[in-house]
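Student: A single structure is presented below for examination.
Derivation of every value follows stated rules applied to the coordinates shown; laboratory data play no part. Please read all numbers here as calculations on a predicted model, not as lab measurements. Please note: Cβ atoms are built from the backbone with ideal geometry, for glycine as well, and neighbour counts cover all protein chains shown.
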Amino acid sequence: MSVLIRDAVQNDMKQVLMLIKELAKFEKEPNAVILNDEQLVHDGFSKNPKFKCFVAESNNEIIGMALGYPRYSTWKGVTMHLEDLIVTKSRRGNGIGSLLFSKFINYAHSLRVKRIEWAVLDWNVNAIEFYKKNGAKILSDWRVAQMDEDSIKKFCNNESI
C-alpha cells in the first residue's frame, strides 16, 4: 500500500470532515461535530488560516489527517496544538499515524516552536502508548477546561449557569 503524506488542499476538506466525524463517533460524541466542509475551507485556506492540516492519501482517498494550530505560552513562547490525529479505522496499524505524527512534529519544529501539546482521552490506551513511545509526557495533573457556545453566551449575558 502506497501512502502519500502531504499538505491538505481545499478539495480535501469533505474527506477530512468525514474523518473528523469518524473520530467523534470513536470518542463517543457522534453528534458533537457542528461544522461543515465549507467552514473548514474558509478557516483553513483564507488569507489568515486558522489551522495547518496534513493528510495521508492512498489511491486518491484521504485515509488520515493531522490538524493543528499555533498557540502562545506565557512560559515558553510560541507553541503548537495538535487538535486531531486521525487514521480511518480500516487503515490503522499500518504506520500511517506515525507518518502523520512525524510530519506534524517536523512542521512544528521548522517553526521553532518551544512546545507541542494535545489532549488524549484517558481511556484511549493505544493512543497514550503511541504518544509515550514517541517521547511525549502524558500529564495527569492537568485537567482540560472548556466552555461551550451556550456557556459562553450565558457568561457574556451575565446569566447564571
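Student: Sort through Glu149, Glu61, Glu117 and tell me the only one that's in contact with a His (Cβ under 7 Å, 6 or more places away or on another chain) and among the acidic types (Asp, Glu). Walk me through it before giving the result.
Tutor: Details: Glu149 fails: in contact with a His (Cβ under 7 Å, 6 or more places away or on another chain); Glu61 fails: in contact with a His (Cβ under 7 Å, 6 or more places away or on another chain).
Glu117 is the lone residue from the list that is in contact with a His (Cβ under 7 Å, 6 or more places away or on another chain) and among the acidic types (Asp, Glu).
Student: Go through segment 23-95 and tell me which strands (runs of 3 or more DSSP E), entirely inside it, have 3 or more residues that are over 16 Å from the mean Cα position of the chain (by Cα).
Tutor: Values: elements: 52-58, 61-73, 77-87.
Of the strands (runs of 3 or more DSSP E) lying wholly inside segment 23-95, those with at least 3 residues that are over 16 Å from the mean Cα position of the chain (by Cα) span 61-73.
Student: Taking Tyr69 and the conditions (1) over 25 Å from Lys137 (Cα atoms); (2) surrounded by fewer than 17 Cβ atoms within 10 Å (Cβ to Cβ), which numbered condition does it fall short on, given that it satisfies the others?
Tutor: It is condition (1) that Tyr69 fails.
Student: Another question about this same structure. Under 16 Å from the mean Cα position of the chain (by Cα) and closer than 23 Å to Gln10 by Cα, is that true of Phe101? Break it down into steps so the answer makes sense when it comes.
Tutor: Details: under 16 Å from the mean Cα position of the chain (by Cα): yes; closer than 23 Å to Gln10 by Cα: yes.
In short, yes.
Student: Looking only at segment 118-160, how many residues end up being in a helix (DSSP H, G or I), basic (Lys, Arg) and under 18 Å from the mean Cα position of the chain (by Cα)? Walk me through it before giving the result.
Tutor: From segment 118-160, those in a helix (DSSP H, G or I) are 125-133, 149-156; that's our starting set.
Then keep just the ones that are basic (Lys, Arg); that gives 132-133, 153-154.
Those still in the list that are under 18 Å from the mean Cα position of the chain (by Cα) too: 132.
The number of residues fulfilling the criteria is 1.
Student: Working carefully through the options Ile20, Ile5, find the one that is touching a strand residue (DSSP E or B) at 6+ places or on another chain (Cβ under 7 Å), in a strand (DSSP E or B) and either of a type in the set (Val, Ile, Thr) or exposed (fewer than 14 other Cβ atoms within 10 Å of the Cβ) (or both).
Tutor: Values: Ile20 fails: in a strand (DSSP E or B).
Testing whether each residue is touching a strand residue (DSSP E or B) at 6+ places or on another chain (Cβ under 7 Å), in a strand (DSSP E or B) and either of a type in the set (Val, Ile, Thr) or exposed (fewer than 14 other Cβ atoms within 10 Å of the Cβ) (or both) leaves just Ile5.
Student: Only residues that are under 17 Å from Glu22 (Cβ atoms) and among the β-branched types (Val, Ile, Thr): list them for segment 41-86, please.
Tutor: Result: Val55, Ile62, Ile63, Ile86.
Student: Would you confirm, using the coordinates I've provided, whether Lys89 is among the basic types (Lys, Arg), within 26 Å of Leu17 (Cβ to Cβ) and surrounded by 17 or more Cβ atoms within 10 Å (Cβ to Cβ)?
Tutor: For Lys89, the condition - among the basic types (Lys, Arg), within 26 Å of Leu17 (Cβ to Cβ) and surrounded by 17 or more Cβ atoms within 10 Å (Cβ to Cβ) - is not met.
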